[in-house]
Structure formats: C-alpha cells, structure tokens
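One structure is given here, and the rest of the page talks about it.
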Amino acid sequence: MKLVGNYPLGRRRLQTYGHILREDEQYLTFRPSVHRDILIDGSHVFEKAKVIARPVSEEDDIYKLLPETSQNP
C-alpha cells in the first residue's frame, strides 16, 4: 500500500509505501517499508481523513518528499 500524508515529526508531506496493520472507520495504523535508521521507521496511526492510501504502482517512489504546496486530501 502507498500512503501520502504528514508523519508526526515531519513538516512536509511524504509518499511512502508499506503495510496497513490495522484499520477502522477513523484511523489506520501503517508501517512504512523504510530502513530502520530513518526517522519514520515504526508504526504510525493516521486519521484516514488526512491521508491517501492506495495500491502501489510501478512508477511510485519508495520514499518521496512532496512539494509544500501539496494539500490534505
């Protein structure tokens, strides 16, 4: 799964892919597939209304900082 959103300690939106561990009507728990030394390693709980989660395509980058003009979904 690909997730686009703001991680807790970051100011810029990121596009990463990984695994959805748990999901309910309001929240999803996501574990990005990144190296363990990267700040966003670990599981994160996001409000579903503030992120975009969709299947990964071959054109997607594993980890990508998005322009500051990117808006919440």
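General remarks:
- Number of positions in region 20-45 that are at pLDDT 90 or above and out of contact with any helix residue (DSSP H, G or I) (no Cβ under 9 Å at 6 or more places or on another chain): 5
- Sub-7 Å Cβ pairs linking a first residue in region 1-29 that is closer than 17 Å to Asp60 by Cα and open to solvent by 100 Å² or more (accessible area, probe 1.4 Å) to a second residue that is modelled with pLDDT of 80 or more and assigned to a strand (DSSP E or B), at least 6 apart or interchain, are His19/Arg31, ordered by first then second residue.
- Single residue of region 46-60 satisfying the filter (in a loop (DSSP other than H, G, I, E, B) and open to solvent by 70 Å² or more (accessible area, probe 1.4 Å)) that is modelled with the highest pLDDT: Pro55
The values are calculated or read from the model by the stated rules, or taken from the named source; none is laboratory data. Remember, predicted model here, so these are calculated numbers, not experimental data. With ideal geometry, Cβ positions are generated from the backbone for all residues, glycine too; neighbour counts draw on all protein chains shown. With ligands, DNA and RNA removed, areas are computed over all heavy atoms of the protein, side chains included. Shrake-Rupley method; radii C 1.70, N 1.55, O 1.52, S 1.80 Å.
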